[in-house]
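Each remark here refers to the structure printed beneath this line.
The values are calculated or read from the model by the stated rules, or taken from the named source; none is laboratory data. Keep in mind it's a predicted model, so treat the numbers as computed, not measured. Glycine also receives a Cβ, built like all others from the backbone with ideal geometry; neighbour counts cover every protein chain displayed.
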Amino acid sequence: MRRAPACLLLLSVAASCFALSCAKGPAEVTAQSTPLPRANLVVSPRAYVSLQPVPRGRAFELALVAKIRPGFHINAHEVLEDYLIPTALEAELPAGFRALETVYPPGVLRKLRFSATQLSVYEDSVTLRMKLQAQPDAPLGPNKLPLTLRYQACNEEACLPPVKLPVTAEFEIAPAGAAARPANPDIFAAPPRPKTSSPNETLGAPLRESSRARADVILESAMADEKSLREISRPTISVGAREDMVFRCS
């Protein structure tokens, strides 16, 4: 049996390699050129305290400010689908501290390519706040409070694995009745949004306009029935159109 010349074998191998490289689709090449970051690098969290020092017996707040990588988002705490993993803030409280409340802001509604419906998400930056109380036996002096931020990050194409990031809040405990000054007023000056807020509240303008429209119609009806009042000319307001607009956005 005659063997093929070595040059023919080399040409055959080169042709096969060329065919395999041309068979790769654009999506595969793009995915290789833009690799996804590690999930624990998408969010940069930092903890802040509302008082310095914190006297024994006083309530105070912790704020965790999470900056989210551009092009990514994390699920809000109140998710709209059961399969989504909500963002959560947990604290490992040492002796002498009591948790009172954790406040999560509502998410913004976004329609993403991989979802048939809108999702409630956090993007750019989000502040989570936890209210605590220093007990009468809280340890005096510098304290470190371990926190854990749990989230799952996604972009328009894919979701990364859920992760838990450790964060430490540092503050000082002073004797009861000691003078305390507000700290980080730029973070704690704004009142916190309640945890029970609906994600639809992020559609603030349409919802407020719809409520005002219904109130105007009710008012006009009452004024028309009251013969003693003068006639008032008002522009016609289409309540149905506004409600339909809100419904489509929800």
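Data for the structure
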item: Region 169-179: number of residues that are in a loop (DSSP other than H, G, I, E, B) and within 31 Å of the chain's Cα centre (by Cα); result: 0
item: Sole residue being touching a strand residue (DSSP E or B) at 6+ places or on another chain (Cβ under 7 Å), closer than 28 Å to Leu132 by Cα and modelled with pLDDT under 95, chosen from Val43, Val79; result: Val79
item: Subset of region 111-152 (residues that are part of a strand (DSSP E or B), hydroxyl-bearing (Ser, Thr, Tyr) and over 29 Å from Ala95 (Cα atoms)); result: Ser120, Tyr122, Ser125
item: Check on Ala153, closer than 25 Å to Val49 by Cα and of a type in the set (Gly, Ala, Ser); result: no
item: Search result, residues across region 74-95 that are of a type in the set (Ser, Thr, Tyr) and more than 16 Å from the chain's Cα centre (by Cα); result: Tyr83
